[in-house]
Amino acid sequence: MLETVQAAVHKRKVANLLLHSDQGFQYTHKEYHAFLKRKKIKVSMSRKGNCWDNACIESFFGHLKSECLRLDTFSTEEELVKAIERYIHFYNHERFQQKLNNLSPVEYRTRVA
């Protein structure tokens, strides 16, 4: 996992990141945390044995994968990024959710506020 984070940080200029993970051994390793500290990356971890801490984002990623990424192929990183951006907009503004009274997240927040 450290190699993945190092590669991502090396590839792009990053600042003010929040990196969420569970408490697996690779995420609690001293070398991993030392690297994150040097790069000023804030750490967010699920509580031990609590899979619900990350449930919202895991649910979103599941929808992203099944409703967007698995339905198409991408030739370039730019195509992939644009598809993800379109999906995020769709998810927030157009995709209704039963748990939100069949409203999109933006519609729901607007009505509740």
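The values are calculated or read from the model by the stated rules, or taken from the named source; none is laboratory data. Because the structure is a prediction, the values reported are computed rather than measured. Please note: Cβ atoms are built from the backbone with ideal geometry, for glycine as well, and neighbour counts cover all protein chains shown.
For the residues Ser66, Ser44, Ser59, the requirement of being closer than 27 Å to Tyr91 by Cα, of a type in the set (S, T, N, Q), out of contact with any Lys or Arg (no Cβ under 6 Å at 6 or more places or on another chain) and outside the structural domain of Tyr91 (by TED's automatic domain parsing) singles out Ser44.
Among the residues of region 9-25, those that are surrounded by 10 or more Cβ atoms within 10 Å (Cβ to Cβ) and under 14 Å from the mean Cα position of the chain (by Cα) comprise Leu17, Leu19, His20, Ser21, Asp22. Being surrounded by 10 or more Cβ atoms within 10 Å (Cβ to Cβ) and closer than 23 Å to Pro105 by Cβ is the requirement here; does Phe61 meet it? Against the criterion (surrounded by 10 or more Cβ atoms within 10 Å (Cβ to Cβ) and closer than 23 Å to Pro105 by Cβ), Phe61 qualifies.
Within the group Ser21, Ser59, which residue is modelled with pLDDT under 90 and in contact with a Phe, Trp or Tyr (Cβ under 6 Å, 6 or more places away or on another chain)?
Ser21
The number of residues in region 27-58 being loosely packed, with under 13 Cβ neighbours inside 10 Å, on the phi < 0 side of the Ramachandran plot and more than 17 Å from the chain's Cα centre (by Cα) comes to 8. Picking from residues in region 90-113 that are among the charged types (D, E, K, R) and assigned to a helix (DSSP H, G or I), the one that is surrounded by the fewest Cβ atoms within 10 Å (Cβ to Cβ) is Lys99. If a residue has to be of a type outside the set (A, V, I, L, M, F, W, C) and in contact with a helix residue (DSSP H, G or I) (Cβ under 9 Å, 6 or more places away or on another chain) to count, how many in region 74-93 make the cut? Within region 74-93, residues that are of a type outside the set (A, V, I, L, M, F, W, C) and in contact with a helix residue (DSSP H, G or I) (Cβ under 9 Å, 6 or more places away or on another chain) number 4. Among the residues making up region 8-27, those that are of a type outside the set (Gly, Ala, Ser), out of contact with any Ser or Thr (no Cβ under 6 Å at 6 or more places or on another chain) and in contact (Cβ under 8 Å) with a residue 12 or more places away in the chain are Val9, Val14, Asn16, Leu17, Leu19, Gln23, Gln26.
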